[in-house]
Amino acid sequence: MQAMRNFIRGRWSSVEKLSGKTVVITGANTGIGKETAIDLAKREAKVIIACRDMEKADAAVKEIIQSSGNENVLCMKLDLADSKSIREFAEAINKGEPQLNILINNAGVMACPYGKTADGFEMQIGVNHMGHLLLTHLLLDLIKKSAPARIINVSSMAHFWGSINLEDINSEKSYDKNKVYSQSKLANVLFTRSLAKRLEGTGVTTYSLHPGVVRTDLWRHLNGFQQFVMKLVSPFTKDSVQGAQTTIYCAVEPSLEKESGGYYSDCAPANCSAAGKDDDMAQKLWELSCRMLSITWE
């Protein structure tokens, strides 16, 4: 009943502190990432926001510090569309931080026009899946050393409409921006499951989640009709503070410490799609992703 009351108010209530813990959040200069950063900073964590646009990131840091009263907030440059940037960021974290207790893979692109990353990946699968997989891989030793630790992947209910096209993962034969977005969000769910299996016994747990239908600037690439529909349903959508609650829940809730690999929505366990539970596809996607990123990850 208490959880339902908290959901109606649009916020998850907890007095848990993260004192002495370090958090990295990708794409936290705006939207639900920034609201997540504010909440975790209020809980006394050291918060590092990883952003592509450093001017916007600097402004966000000032806002996070002002809102949280926590001065231990900083920004670092990270472009998830460029493996060179990802490697430079990870190297700086590994050298500069003695621990990393929570990694929140929050950044993403949605329904954008066709484009490719610096490494030749289609932009949505490249940023939303490949970039975060590489980042997680490069930071994993530090995360393991910091256990108990958590890795949180922000997915979407859009994964229900997704399927993984192993034969054309970069959508070079055909491109439907909405289907490709759904594919990338399904990839987040499958990656979370695969990672959980590989991290059993390490004290590192993983979570994927649907933040809700959130009013953010991710909507900017929707077509005219889609924009019209979103305006109609806008009264039933979430603002960024409400949209951040399930991420915060997965990062903070003590009872989740022994749970791993699951999918969450509205600050509670939720059912993902049948495709999101396909361990055979998860393994194939894992192998393909590692080959494309030229990494070895058992």
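Every number here is computed from the coordinates shown, using simple stated rules; none is lab data. Treat the numbers as computed from the prediction; the structure is a model and nothing was measured. Backbone-built Cβ (ideal geometry, glycine too); neighbour counts: all protein chains shown.
Starting from one equal scatterer on each C-alpha and no solvent at all, send me the Debye-based log10 I(q)/I(0) for region 2-293 at q = 0.09, 0.11, 0.12 Å⁻¹, two decimals.
Result of the Debye calculation: -0.38, -0.59, -0.71.
For K145, go through the lysines and keep the ones whose alpha-carbon is under 25 Å away, minus same-chain ones fewer than eight residues off.
Correct list for K145: K17, K21, K42, K46, K77, K84, K95, K197, K258.
Order 114-121, 138-145 from most to least packed using the mean count of other Cβ atoms within 10 Å.
Final packing ranking: 138-145, 114-121.
GNM on the chain, C-alpha springs below 10 Å: top fluctuator among N153, N29, N178?
For the chain, modelled as a Gaussian network with Cα springs under 10 Å, the answer is N178.
For region 2-293, build the charge dipole from Cβ charges (+1 Lys, Arg; -1 Asp, Glu) around the Cα centre, then report which of C267, V23, V109 sits farthest towards its positive end.
Result: C267.
Relative contact order for the chain using alpha-carbon pairs under 8 Å, separation at least 6, rounded to a whole percent?
Rounded, it is 18 percent for the chain.
Using DSSP to call loops (not H, G, I, E or B), can you name the chymotrypsin sites (Phe, Trp or Tyr not before Pro) in region 134-202 whose Cβ has at most 16 other Cβ atoms within 10 angstrom?
Taking region 134-202 and a limit of 16 other Cβ atoms within 10 Å, the loop chymotrypsin sites (Phe, Trp or Tyr not before Pro) found are Y175.
Taking a ≥ b ≥ c as the square roots of the Cα gyration tensor eigenvalues, with a/c under 1.5 meaning rounded and otherwise prolate when a/b beats b/c, else oblate, which class fits region 54-111?
Because a/c hits 1.5 or more and a/b fails to exceed b/c, region 54-111 counts as oblate.
When the chain is modelled as a GNM with alpha-carbon springs shorter than 10 Å, which of N70, N165, N128 fluctuates the most?
Highest fluctuation among the options: N165.
Once the Cβ-Cβ distance between K277 and V15 is put in as r, and R0 is 35 Å, what FRET efficiency do you end up with, to the nearest 0.05?
So, using R0 = 35 Å, E works out to roughly 0.55.
Please report the Cα spread of region 124-206 along all three principal axes, rounded to whole Å, starting with the longest.
Largest first, region 124-206 extends 43, 22, 18 Å along its Cα principal axes.
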